[in-house]
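Here the structure is laid out as structure tokens; the discussion comes afterwards.
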Amino acid sequence: MEIRLDGKRALVTGAGKGIGREVARLLTACGADVTALSRSASDLETLRQETGCRVLVADLADAEAARRGAEEAGPVELLVNNAGISIPQPFLETTAEAFDRTMAVNVRAVLIVTQVVARGMIARGRGGAVVNVSSQSSMRGLADHAAYCASKGALDQLTRVMALELGPHQIRVNAVNPTVTLTPMGEMAWGDPAKSGPMRAKIPLGRFAMPLDVAHAVAYLLSDRADMIHGAMLPVDGGFLAA
Ligand code: NAP
């Protein structure tokens, strides 16, 4: 089964590093015309040189910048809300600042960017597809991840409501829920062998995800091969959530 996205315009947030960068690469390889949005201009410049994609610098933690960034991206048929942050802190030491920032990037920016993009899709009347990059942590508690788990639980719920309200406009909305993935964020949160060992032991397939494992799931959900899949949370977790 080949996935082709020729003639489709795609916006990928958080495309400078990790999963988002791999998604931008893969969607480009599938024929999509990709706009990559992220925070660090240097990451976007190397991605532009590598893939030829269009790039946009915006800080999605800022609500107004998120709205402007989505508007500057222009019309797209495909949206990947991938940008996310993790600020690991024990529950009792979780600060209001870390909580608010995590919610702003992982949840509020998804709301704002998708509102802008979906309004355009509805106006053009040809539907579209959205994939939100959530996490296994939306469905399980992980120590030191109170704000992050709360944000991804909220993102799954946002995904469901978006599916309900955007479905009648033929805009499909789904989420992917990866396990620990080998990216800069994955290294930061799970690089310590004292943490990575017990986590890996809970994954029946016995390994962490590679960014490409997640990108393949995203590309599938964006494609017409997933035309009847809507409102789903797809684990990309080696079976972690099966336990
Ligand atoms: P990453 O390696 O930290 O890369 C995240 C990318 O998003 C970076 O390019 C970053 O840019 C960008 N970004 C972060 N905050 C932003 C903001 N405020 N505005 C614009 N761009 C921003 O993370 P990742 O591991 O690829 O994670 C991608 C997504 O997968 C996230 O939603 C994450 O929660 C989810 N996820 C990750 C894992 C994992 O283990 N890695 C597991 C499950 C789910 P800068 O570096 O310039 O800030």
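Laboratory data are not the source of any read-out in this text; all were calculated from the coordinates shown. Not measured: the values here are computed from a predicted model. All Cβ positions, even for glycine, are placed from backbone atoms using ideal geometry, and neighbour counts span all protein chains on display.
Only one of these is in a helix (DSSP H, G or I) and crowded, with 16+ Cβ neighbours inside 10 Å: GLY197, GLY167, GLY153. Name it. Please lay out each step first, then the result.
Values: GLY197 fails: crowded, with 16+ Cβ neighbours inside 10 Å; GLY167 fails: crowded, with 16+ Cβ neighbours inside 10 Å.
After applying the criteria, what remains is GLY153.
Of the residues in region 27-49, how many are under 21 Å from ILE3 (Cα atoms) and either within 13 Å of the ligand (Cβ to nearest atom) or touching a residue at least 24 places away in the same chain (Cβ under 8 Å) (or both)?
Summing the residues that are under 21 Å from ILE3 (Cα atoms) and either within 13 Å of the ligand (Cβ to nearest atom) or touching a residue at least 24 places away in the same chain (Cβ under 8 Å) (or both) in region 27-49 gives 9.
Can you tell me which condition LEU155 does not meet? The list is (1) touching a strand residue (DSSP E or B) at 6+ places or on another chain (Cβ under 9 Å); (2) more than 10 Å from the ligand (Cβ to nearest atom); (3) under 17 Å from LEU60 (Cβ atoms), and all the others hold.
(2)
Any chance region 75-85 includes a residue that's in contact with a Ser or Thr (Cβ under 8 Å, 6 or more places away or on another chain), free of Cβ contacts under 8 Å to residues at least 24 places away in the same chain and closer than 26 Å to ILE122 by Cβ?
no
I need the full set of residues from region 19-40 which are small (Gly, Ala, Ser), closer than 23 Å to THR181 by Cα and surrounded by fewer than 23 Cβ atoms within 10 Å (Cβ to Cβ), in order please.
So the first thing to find is which residues in region 19-40 are small (Gly, Ala, Ser), and the list is 20, 24, 29, 31-32, 36, 38, 40.
Then keep just the ones that are closer than 23 Å to THR181 by Cα; that gives 20, 24, 29, 36, 38, 40.
Passing the criteria: ALA29, SER40.
Looking for something touching a Phe, Trp or Tyr at 6+ places or on another chain (Cβ under 7 Å), assigned to a loop (DSSP other than H, G, I, E, B) and within 11 Å of the ligand (Cβ to nearest atom) - is there at least one such residue anywhere in region 77-94?
Checked region 77-94: at least one residue is touching a Phe, Trp or Tyr at 6+ places or on another chain (Cβ under 7 Å), assigned to a loop (DSSP other than H, G, I, E, B) and within 11 Å of the ligand (Cβ to nearest atom).
In region 201-243, how many are among the small types (Gly, Ala, Ser) and part of a strand (DSSP E or B)?
1
What's the number of the only condition in (1) surrounded by fewer than 17 Cβ atoms within 10 Å (Cβ to Cβ); (2) under 16 Å from the mean Cα position of the chain (by Cα); (3) of a type in the set (S, T, N, Q) that THR95 fails to meet?
(2) is the only condition that THR95 fails.
I'd like to know if region 130-150 contains one or more residues that are touching a residue at least 40 places away in the same chain (Cβ under 8 Å), buried (at least 20 other Cβ atoms within 10 Å of the Cβ), in a helix (DSSP H, G or I) and more than 15 Å from the ligand (Cβ to nearest atom).
The answer is no; no qualifying residue exists.
Hey, can you tell me all the residues within region 144-168 that are under 24 Å from PRO88 (Cα atoms) and of a type in the set (Lys, Arg)?
LYS152
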